[in-house]
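Input: a single structure, listed below in structure tokens.
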Amino acid sequence: MQINDDKVNGILVLQVIGRIDVSNAKSLKIKVQNLIGHGEVNFLITMDRVDYIDSSGLGILVACLKAANAAGGTVKIAGLKEYHKQVFQTMRLDRVFQLYDESTQALA
Amino acid sequence: MIKQLSTEGILGEKEAYFIELCLSEAVINCIRHAYHGRPDGNIDISILIGVNHVTIDVGDKGTPLPPNSLDNYKRQAVEFDAADVAGLPETGRGLAIILNHMDSVAYFSESGRNTLRMMLNIGGK
């Protein structure tokens, strides 16, 4: 998994590339925690280049949301593939995260 | 192997994703729950690809699931208050994902061997 970060309109945008699974999901949480430690609290995680996500990946996204929320911010998610979004929906995580089709919508 | 089946057009991209996902979740559950994280447990996997369906069996010889528990797992994974961010569960979704995204799921335990059987209807490309 590769994570690129950039700040846009005061929001820390994390572009995740590759797989978010049981073998590597923790690295995303560590990245977010480090950024929170540096004062960032509002995140947009873009998922359009994510090939695969499993329950560990979902759990880590929840952990990131909890960490950001505890710091006074939030995590938005954009660009989920249709079938990844289905997993969010069946797990009711579409009621937890603000989901956007496009990053531009999330940054507006 | 699953990716290759997708590349060859036997499975669609979405079908390949859900097969890989559910197989992975089942194996992880065996490691964590049937074998309690022990590194020496055997897990047997068989995949049958039919014209209209894929059937996957994941077998172990560890601790079985409690009887009649599948529906409970499906329900419990989504029983949370979405507004209570601090209380959101970070784990416990694996079996619920399988139950929601496979067309049929059965679990049987016999003579010390446990099998989770998952079936997905496929439509080609």
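The values are calculated or read from the model by the stated rules, or taken from the named source; none is laboratory data. The shown structure was predicted, so the numbers you read here are calculated from the model rather than taken from an experiment. Every residue, glycine as well, gets a Cβ built from its backbone with ideal geometry; the counts of neighbours run over all protein chains shown. Only protein heavy atoms, including side chains, enter the accessible area calculation; ligands, DNA and RNA are left aside. Shrake-Rupley method; radii C 1.70, N 1.55, O 1.52, S 1.80 Å.
Looking at this structure, is B:I31 within 13 Å of chain A (Cβ to nearest Cβ) and open to solvent by 20 Å² or more (accessible area, probe 1.4 Å)? Here the answer is yes, as B:I31 does meet what is asked.
Taking the stretch A:79-108 as the range and being among the β-branched types (V, I, T) and facing chain B (nearest Cβ under 7 Å) as the test, the residues that pass are A:V87, A:T90, A:V96. Could you tell me which residue of the stretch B:68-125 is modelled with the lowest pLDDT, considering only residues that are open to solvent by less than 40 Å² (accessible area, probe 1.4 Å), hydrophobic (A, V, I, L, M, F, W, C) and part of a helix (DSSP H, G or I)? So, considering only residues that are open to solvent by less than 40 Å² (accessible area, probe 1.4 Å), hydrophobic (A, V, I, L, M, F, W, C) and part of a helix (DSSP H, G or I), the one modelled with the lowest pLDDT is B:L70. The number of residues in the stretch A:86-108 that are open to solvent by 80 Å² or more (accessible area, probe 1.4 Å) and part of a strand (DSSP E or B) comes to 1. The set of residues from the stretch B:1-15 being assigned to a helix (DSSP H, G or I) and either free of Cβ contacts under 8 Å to residues at least 12 places away in the same chain or open to solvent by less than 10 Å² (accessible area, probe 1.4 Å) (or both) comprises B:Q4, B:S6, B:T7, B:E13, B:K14.
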